[in-house]
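Below is one structure, written out as structure tokens; the observations come after it.
The values are calculated or read from the model by the stated rules, or taken from the named source; none is laboratory data. Computed from a prediction, not measured in an experiment: that's the story for all the values here. In this analysis, Cβ positions are derived from the backbone assuming ideal geometry, glycine residues included, and neighbour counts consider all displayed protein chains. We work out accessible area using only protein heavy atoms, side chains counted, and drop any ligands, DNA or RNA first. Shrake-Rupley method; radii C 1.70, N 1.55, O 1.52, S 1.80 Å.
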Protein chains: 2
Amino acid sequence: MSVPTEVTPLGVGGAIPARGRHLSGLTLRREGRMVLFDCGEGTQLQLLRAGLLGDRLEAVFVTHLHGDHLFGLPGLISTLGLQDREKPLAIVGPEGIRDFLGAVPGITFGEGPYRLDITELPEDTQHEVVYQTDAFRVEARPLAHRVPCFGYRYEETARAGRFDADAARAAGVTPGPDFKTLARGGTVLVDGREVTPEAIVGPERPGTAVAYCLDTAPCDGGRALASGAGLLIHDATFGDGEAARAGETGHSTARQAAEVARDAGARGLLLTHFSARYSETQPLVAQAREVFESAAAAEELVSVRVFPLEA
Amino acid sequence: MSVPTEVTPLGVGGAIPARGRHLSGLTLRREGRMVLFDCGEGTQLQLLRAGLLGDRLEAVFVTHLHGDHLFGLPGLISTLGLQDREKPLAIVGPEGIRDFLGAVPGITFGEGPYRLDITELPEDTQHEVVYQTDAFRVEARPLAHRVPCFGYRYEETARAGRFDADAARAAGVTPGPDFKTLARGGTVLVDGREVTPEAIVGPERPGTAVAYCLDTAPCDGGRALASGAGLLIHDATFGDGEAARAGETGHSTARQAAEVARDAGARGLLLTHFSARYSETQPLVAQAREVFESAAAAEELVSVRVFPLEA
């Protein structure tokens, strides 16, 4: 059994703060590590409320350079410095994010209390691994918005296959060092006969994947990012009645988000980035569920646990 | 009787959000007009909560270019644009504020949905009227902080002197047009004899003044801004026990803020910009009151009414 990944929406509003909704931001945590997707104004305040404003944050992935996804970054960077942070912070976003941060008073690269490792994605980026650790990696693909915009897929490192101890014993292997060798992918000799791991160890078990796709109209990039994901977080700015406006503004309806989830074979869908015109999100969820049942509205500071695809 | 000025603190925390306190921001309203002092991250969210996020805001006065006083400005400017604002917004702050705003994606000067009128204060500014309307004016003076920093004094336009109808009648003036002429400062003829307004109309009645002084150590600029003010809002980052630290960091203790209020002859004192180390502000208020009794802690979204010095 593997530890679940915890997804915590910090802001589920679109464009401007309204109806008590904060601007875009969402954390993803597992085993003491944390990354952040988008950083609208107020994100550090929401992190503080969630008890998550601190050192464990290691990377921020910004979808695009609209204020409601970006303007919380200067304050977050400053506050982490005032907290005496020493470890670097990775920041990934579209080209231009470095110039923006470079113009912020008090933010320096390399000379401040800690280092910012900035990765800029050129507008023509098609598919790129933008962050890699031993525990997970994050890849980016372009979305369909009014300005260059990238969605992200967080994918845990695959776990080794399941070790079949009965099969090993049946093949004459003695529990102990030979078991470990097989489990690590090595071959052992039993009475001069080779026993290979293929017969004893099952296939690698993929980790959970979580796709983060906003702001965007339904698009191939989003479907690729969401392919087989444990959870898709998708732009659902509008309801059915505003499909035309969604198309004009580079956003999605909740139903369209559900179509992406269905087409991509995702296991769950979290709707977010709700237009201020909707006082309640329940109608949007209902529209999505007509297409894809495992859909819910993201709620601020309400965590969702994403379990591995295989136990 | 004149309409009071309403002062609403939006954030009373210092440097970083903590203990539920937001970052610096304070509105001042009178007769449908509104200005804002400082604009830390989250200010637009606090304005929204206060029901004040809208068109009536006409000017923002930024004390200095530290993030906790500044980083809410990009989001506020953007949101006002998304609200289809048309009237210009004045922004006053230290030199460098134009470059910062100019580097913000989506913010343009003159080409956006509305105009930003930016006034930059050079570092050596000693005393300058930075904003003037028929109802009030705002002047700036330097404070004592670690970076160039300006305090502001909002001062209502003086009202005409009180009209003494009894004195006018005693001088033989008939109520009607001659009363109006006198009230407006004109001279009238009564049986060939001149009656001048000096004898009938009292001296001009000064409007309320409100001084906004943070971040700063006690200084002459602050005392001048607070001179005879109806209300002084002053940096009170620390308590007595941290006086040395206050001096080192360019801040004040609550007691020092009270000394400024007393020395300047202010009528009231609102303490703000509290360090996260103080869970309660009551001890700081008590220290201030030993020096200046009419002191209180600023509370977020709790308005203070400042009445004219003369009714």
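Would you grab the residues whose amide H sits under 5 Å from the one on B:VAL12? Only those 5+ places off in sequence or on another chain, please, with H modelled 1.01 Å from N.
Placed amide hydrogens put B:HIS22 under 5 Å from B:VAL12.
Keeping all protein chains in place and using 1.4 angstrom, which order do B:GLU139, A:GLU128, A:GLU86 fall into by accessible surface area, from largest down?
Values: B:GLU139 15, A:GLU128 75, A:GLU86 155 Å².
Output order, biggest surface exposure first: A:GLU86, A:GLU128, B:GLU139.
Once the label point is set 7 Å along the Cα-to-beta-carbon vector, what list of distances in nm do you get between B:ALA286 and its counterparts in the other copies?
Copy-to-copy label distances for B:ALA286: 5.7 nm.
Compute the convex hull volume of the Cα atoms of the protein assembly as shown, divide it by the residue count, and report the result per residue in Å³ as a whole number.
On the way: hull volume 119.2 nm³, N = 622.
In the protein assembly as shown, the Cα convex hull volume per residue is 192 Å³.
Could you give the semi-axes, largest first, of the ellipsoid that matches the stretch A:206-311, computed as the square roots of 5 times the alpha carbon gyration tensor eigenvalues and rounded to whole Å?
Values for the stretch A:206-311, descending: 22, 15, 11 Å.
To one decimal in nm, how far is B:GLN126 from the same spot in the other copies, if labels go 7 Å from Cα toward Cβ? Please give the shortest first.
Taking the point 7 Å beyond Cα along Cα→Cβ, the inter-copy spacings are 6.6 nm.
Rounded to whole Å and sorted largest first, what semi-axes of the equivalent ellipsoid does the C-alpha gyration tensor of the stretch A:82-216 yield via the square root of 5 times each eigenvalue?
47, 20, 11
When only alpha-carbon atoms count, how far does the stretch B:172-246 stretch along each of its three principal axes, as whole angstroms with the largest first?
Rounded to whole Å, the extents work out to 72, 19, 15 Å.
How many partner chain Cβ atoms sit within 10 Å of a residue's Cβ in peptide A:35-42, on average, as a whole number? Show your work: numbers first, answer last.
Values: counts 0, 0, 0, 0, 0, 1, 13, 10.
Across A:35-42, the average partner-chain Cβ count within 10 Å equals 3.
Over all distinct Cα pairs, what is the inverse of the mean 1/r for the stretch A:1-114, reported as the Kirkwood hydrodynamic radius in Å?
14.4
Using θ = phi - 60° and the Karplus relation 6.51 cos²θ - 1.76 cosθ + 1.60, list the HN-Hα couplings for the stretch A:34-45 in order, rounded to whole Hz, with x at every Gly or Pro.
8, 10, 10, 10, 6, 8, x, 3, x, 4, 5, 5
Summing -39500 (n - 2.57) over the DSSP H runs of n ≥ 4 in chain B and dividing by its residue number, what mean residue ellipticity at 222 nm do you reach, to the nearest 500 deg cm²/dmol?
-6000 deg cm²/dmol
Tell me, what ³J(HN,Hα) does each residue in the stretch A:198-212 have, in order and in whole Hz, if you take phi through Karplus 6.51 cos²θ - 1.76 cosθ + 1.60 with θ = phi - 60° and put x for Gly and Pro?
Whole-Hz 3J(HN,Hα) from phi for the stretch A:198-212: 3, 7, 10, 10, x, x, 3, 9, x, x, 5, 10, 10, 10, 10.
If the label for B:THR174 sits 7 angstrom from Cα along the Cα-to-Cβ line, what are its distances to the same label in every other copy, in nm to one decimal, shortest first?
Result for B:THR174, in nm, nearest copy first: 13.1.
Looking for one value pair here: nearest-to-axis residue in chain A (by Cβ) for the rotation onto B, and the distance in whole angstrom.
Closest Cβ to the A-to-B rotation axis, residue and whole-Å distance: A:ALA103, 2.
Percent of alpha carbon pairs in chain A separated by more than 31 Å?
Tail fraction, whole percent: 35.
Could you tell me the distance between the Cα centroids of the stretch A:3-48 and the stretch A:127-197, to the nearest Å?
30
Which translational diffusion coefficient, to the nearest whole µm²/s, is obtained for the stretch B:209-255 from the Stokes-Einstein equation, given a Kirkwood hydrodynamic radius over C-alpha pairs, 25 °C and 0.890 mPa s? The partial results should precede the final answer.
On the way: Rh = 10.7 Å.
It comes out at roughly 230 µm²/s.
In terms of modelled amide H atoms, which long-range or inter-chain residues lie less than 5 Å from the amide H of B:ARG159?
When sequence neighbours closer than 5 places are left aside, the close amide H contacts are B:ARG205, B:GLY207.
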